[in-house]
Each structure stands twice: as C-alpha cells, then as structure tokens.
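See structure below.
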Amino acid sequence: MNRKVLGEKQLPTQEVLPANDLMISGIRDSVFIADLNGKIVFANDQACKVHGYTKGEFKGLNVIDILVVQMDLILLHSLMKSFLP
C-alpha cells in the first residue's frame with residue numbers, strides 16, 4: 001500500500017488524497033501530486049486544462065511524461081521563433 005508522510009504520521013494514500021482534493025481543487029494553478037516513484041496520484045482541474053489530460057489519464061502518467069511533453073513544446077516554440085519572421 002502506498003503511504004504519504006503527513007508531519008510525523010504516515011497515512012495511506014487514499015486517506016490523504018480526499019483532503020488534498022478539497023484543498024487543491026480551488027487553486028487556480030496547475031497542481032499534481034506524485035508518489036515516491038513519480039507516478040501521478042492526483043491532478044486538480046487546472047492541471048487537466050493546462051496539460052490536456054483527464055484526471056483518469058493523469059493518474060496513469062509519471063512526472064517524467066509531463067516534463068518531456070513540456071520540454072518538447074518549449075523546444076518547438078523556440079524553433080518556430082527562430083525560423084519564422
């Protein structure tokens with residue numbers, strides 16, 4: 001069972017995530033939470049909008065997957081700026 005550390009106490013992931021969902025859902029920034037292996041276990045609505053994934057799709061991804069896509073977009077934007085007037 002995956003566990004999250006909350007202060008000095010460790011709680012099972014399924015106990016921590018509902019509390020996080022309530023706190024993080026209203027945040028206007030893109031927020032996702034990953035376990036110690038980098039697997040995404042939670043994403044708020046803004047993260048879904050920004051990255052174009054559903055919450056279910058996010059949960060199957062690794063943080064590296066998100067970073068690679070972001071780096072590809074940055075590189076593509078940079079290349080387009082250098083070739084277009």
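The values are calculated or read from the model by the stated rules, or taken from the named source; none is laboratory data. What you see is a predicted model; the values in this text were computed from it and never measured.
Could you check, for the stretch 40-47, whether at least one of its residues is modelled with pLDDT under 75 and of a type outside the set (A, V, I, L, M)?
Quick first cut of the stretch 40-47, residues modelled with pLDDT under 75 only: none.
No, the stretch 40-47 has no match at all.
Which condition number in (1) part of a strand (DSSP E or B); (2) modelled with pLDDT of 85 or more is the one that F58 fails?
Just one mismatch for F58, condition (1).
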